[in-house]
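Let me begin by presenting the structure, written as structure tokens, before commenting on it.
The values are calculated or read from the model by the stated rules, or taken from the named source; none is laboratory data. Keep in mind the model is a prediction, meaning the values are calculated, not measured. Here the Cβ positions follow ideal geometry from the backbone for every residue, glycine too, while neighbour counts run over all protein chains shown.
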Amino acid sequence: MTEAEGRQFSLLLFDHKHLWVAVQVAKHLRVFPHDDPEQVHLRFWNAAYDTYQPLAVALLSDQPIQEIAEKLQTILLVSTIAQSEAREH
């Protein structure tokens, strides 16, 4: 992956993380409208950190694409589960 491709991928990853957090917060607040939005956001932000951080570290350390791909599969799985749950509500 070139440096420019790595930057673009990192930006996409960053945007994806923010979108995932926003969807989770919105979904949670629909069910629990009296919860503190900032606390809910912080909880999902921390959950996202645990999921996305290994991929960010792999990108920054120039790990082989295969190792990065395995971490990306985890993120895509989390995303797919979130989308399925969102459809149920």
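Only one entry of 58, 4 meets the criterion of being exposed (fewer than 12 other Cβ atoms within 10 Å of the Cβ), in a helix (DSSP H, G or I) and not basic (Lys, Arg), and that entry is 4. Among the residues of the range 23-38, those identified as exposed (fewer than 11 other Cβ atoms within 10 Å of the Cβ) and part of a helix (DSSP H, G or I) are 30, 31, 38. There is at least one residue in the range 44-54 that is touching a Ser or Thr at 6+ places or on another chain (Cβ under 8 Å), of a type in the set (S, T, N, Q) and at pLDDT 80 or above.
Against the test of being under 30 Å from residue 2 (Cα atoms), at pLDDT below 85 and not in a helix (DSSP H, G or I), the options 63, 73 yield a single qualifying residue, 63.
The numbered conditions (1) in a helix (DSSP H, G or I); (2) more than 18 Å from residue 80 (Cα to Cα) are all true for residue 19 except (2).
Of the residues that make up the range 39-50, is at least one under 26 Å from residue 70 (Cα atoms), of a type in the set (A, V, I, L, M, F, W, C), surrounded by 16 or more Cβ atoms within 10 Å (Cβ to Cβ) and under 10 Å from the mean Cα position of the chain (by Cα)? Yes, because at least one residue in the range 39-50 is under 26 Å from residue 70 (Cα atoms), of a type in the set (A, V, I, L, M, F, W, C), surrounded by 16 or more Cβ atoms within 10 Å (Cβ to Cβ) and under 10 Å from the mean Cα position of the chain (by Cα).
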